[in-house]
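Each remark here refers to the structure printed beneath this line.
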Amino acid sequence: MFNFDDFEVISYQPCCFKSTEPTITINETNIMFSRSCFKKLHNSEYVRYMIDPNGKRIAVQGSNKKAKDSIMLNPNRKSFHFGIYGCELISEIRHIISSWKDNERYKIQGEYFEEENVLVFNMKNAVLFEGGNNHRDRRLNK
């Protein structure tokens, strides 16, 4: 029988969002939508990205039909993550929140609106996301 006498219970509360919640991660070159976003949008074949600069919100709407300005999600991909990659738009989006620091990554939990099949991410609710590729340079310089 195992002896628990020398062990203490660790009081731990996760500091990040649950992995089952739809989240986006914004770094300097990408906006990544989590696998949970794909599932919440009912495995849509197409997505349409939207931004509300005054309200500081990003939205993604899923559909199974091609619509104006929608992007097809590759049905043969191995990962269910999707996003906006390596364009000047990322810099513009990041500057909507003036307090965001360069070389940092931010995570935002989404709110789902079923009738419109849309996820909305309020950039004012972003939290600094520790770890990952954006911190690679700092680790190499130590």
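The values are calculated or read from the model by the stated rules, or taken from the named source; none is laboratory data. Everything quoted here is computed from the prediction, not taken from an experiment. Note: ideal-geometry Cβ built from the backbone for every residue, glycine included; neighbour counts use all protein chains shown.
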> Based on what the data block shows, is Asn74 surrounded by fewer than 12 Cβ atoms within 10 Å (Cβ to Cβ), farther than 14 Å from Leu119 by Cα and at pLDDT below 90?
Replying inline: yes
> Leu119: out of contact with any Gly (no Cβ under 7 Å at 6 or more places or on another chain), closer than 19 Å to Lys39 by Cβ, aliphatic (A, V, I, L, M) and in contact (Cβ under 8 Å) with a residue 12 or more places away in the chain, yes or no?
Replying inline: no
>> So Phe33 ticks every box in (1) on the phi > 0 side of the Ramachandran plot; (2) modelled with pLDDT of 90 or more but one. Which box is left unticked?
In response: (1)
>> I'm checking my understanding of the structure. Among residues of segment 82-103 that are surrounded by fewer than 16 Cβ atoms within 10 Å (Cβ to Cβ) and in contact (Cβ under 8 Å) with a residue 12 or more places away in the chain, which one is nearest to Ile24 (Cα to Cα)?
In response: Tyr85
> Can you spot a residue in segment 125-132 that is modelled with pLDDT of 85 or more, aliphatic (A, V, I, L, M) and closer than 10 Å to Ile24 by Cα?
Replying inline: yes
> Which of the residues spanning segment 60-105 are farther than 16 Å from Cys37 by Cα, not hydrophobic (A, V, I, L, M, F, W, C) and not in a loop (DSSP other than H, G, I, E, B)?
Replying inline: Tyr85, Glu88, Ser91, Glu92, Arg94
